[in-house]
1. Of the residues 282, 262, which is surrounded by 14 or more Cβ atoms within 10 Å (Cβ to Cβ) and assigned to a helix (DSSP H, G or I)?
2. Kindly provide the set of residues from the range 229-259 that are assigned to a loop (DSSP other than H, G, I, E, B) and without any contact (Cβ under 8 Å) to a residue 12 or more places away in the chain, ordered by number.
3. Under 6 Å between Cβ atoms, at least 6 apart or on separate chains: pull out the pairs that start in the range 54-67 with a residue that is touching a residue at least 60 places away in the same chain (Cβ under 8 Å) and end on any residue that is assigned to a helix (DSSP H, G or I) and loosely packed, with under 12 Cβ neighbours inside 10 Å.
4. Does residue 226 satisfy being out of contact with any strand residue (DSSP E or B) (no Cβ under 7 Å at 6 or more places or on another chain), surrounded by 13 or more Cβ atoms within 10 Å (Cβ to Cβ) and touching a residue at least 60 places away in the same chain (Cβ under 8 Å)?
5. Within the range 112-125, does at least one residue satisfy the condition of being out of contact with any strand residue (DSSP E or B) (no Cβ under 6 Å at 6 or more places or on another chain), surrounded by 15 or more Cβ atoms within 10 Å (Cβ to Cβ) and more than 20 Å from residue 215 (Cα to Cα)?
6. Can you confirm whether the range 200-211 contains a residue that is at pLDDT 95 or above and assigned to a strand (DSSP E or B)?
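The values are calculated or read from the model by the stated rules, or taken from the named source; none is laboratory data. If you're wondering where the values come from, they're calculated on a predicted model, not measured in any experiment. Cβ placement follows ideal geometry from the backbone for every residue including glycine, while neighbour counts extend to all protein chains displayed.
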C-alpha cells in the first residue's frame, strides 16, 4: 500500500480570530500550530503533506512554514478556489470559501494515496497521528474510513461557545454525527443550548475535530454531496453558505455509502477559535517543550 499522506485544511478566513490564524506564532521558536502537527506526523511516519490554502496566501506559508520543512517532508499546495464550482452563479461580492467539504475536493487531482485530513489551527497531540498512520497503513479501504474522536470536555475553550460534531458509535463504528452549535464549558463538563435553554452533555461524549482518514474514493462521494448542496445554498445564503466534512460524512453515513471506524484518544485538544485562546495555547505548548516532548527547535 502507498504511504499515507497528511492533508491540512488551511484555507479558512479566521473571521472570529481576526487574522490568518493558520500561521500565527504560538511557539517559543516562532512556530505555528501547523509546525507541531507536521512534526508529530513525521514522527508517526508521514512523508508528504498537502496544504490546502487560498492561492493569495502561498507566499506567506512559504515564508513562515514550508521553506524550513522541505528537507524533512515533501510539501504540496492545493488551492481552494471560490470559483471551483459548476452549475451555479456566484455572487460577485462573496469572499467566504465554501467550507471544508469544498476544500477537501481541492485535492481530488493531487492525491492518489490513503490520506488523513485535519484542521490547521488545532493541536491534536502526537498519539493521534500514530493511531491514524497505523490505520491508513493497515486497515483503510474504499468505503471503510476512520476518524479520531476526542472527549468533548477536552475540546472546549474558556472564551466562548463552539460548534462540534457530536458522535455516537457502537463497537467503534460511527452511527451518527450531529453538528451542535453553541456548546460551552461549565466546570469540567459541557452543555449546549436548545431553544434558549442550556442542557448538560453526557460526560465522555466523543466529538469530531475534523480528523479523518480516507482513500481517494471519498472525493467522488463528497463531490455528489457538495453538488447537491451548492445548488440550494447559493439561493438560500449566497454570501455565507458553506458545507463541512462532518455534514458530508453524516449524509453518506445515512445513505449507507461508507463506514467509519472511531479511534478515540484522551489527549487534550486545544486551538485558537478566538483570539483570547492564544495565551492558553502558548502556555500549553511551552509546557510540552519544558517537559521534553518537543525540542526548542523542531526543524534543527
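1. Values: 262 fails: assigned to a helix (DSSP H, G or I).
The conditions single out 282.
2. At the first step, the residues of the range 229-259 found to be assigned to a loop (DSSP other than H, G, I, E, B) are 237-244, 255-258.
Residues satisfying the conditions are 237, 255, 256.
3. Once the first residue is touching a residue at least 60 places away in the same chain (Cβ under 8 Å) and sits in the range 54-67, no partner that is assigned to a helix (DSSP H, G or I) and loosely packed, with under 12 Cβ neighbours inside 10 Å comes close enough.
4. On the way: out of contact with any strand residue (DSSP E or B) (no Cβ under 7 Å at 6 or more places or on another chain): yes; surrounded by 13 or more Cβ atoms within 10 Å (Cβ to Cβ): yes; touching a residue at least 60 places away in the same chain (Cβ under 8 Å): yes.
Yes: the conditions hold for residue 226.
5. Within the range 112-125, one or more residues are out of contact with any strand residue (DSSP E or B) (no Cβ under 6 Å at 6 or more places or on another chain), surrounded by 15 or more Cβ atoms within 10 Å (Cβ to Cβ) and more than 20 Å from residue 215 (Cα to Cα).
6. Narrowing the range 200-211 to residues at pLDDT 95 or above: 211.
Then keep just the ones that are assigned to a strand (DSSP E or B); that gives 211.
Yes, that holds for at least one residue.
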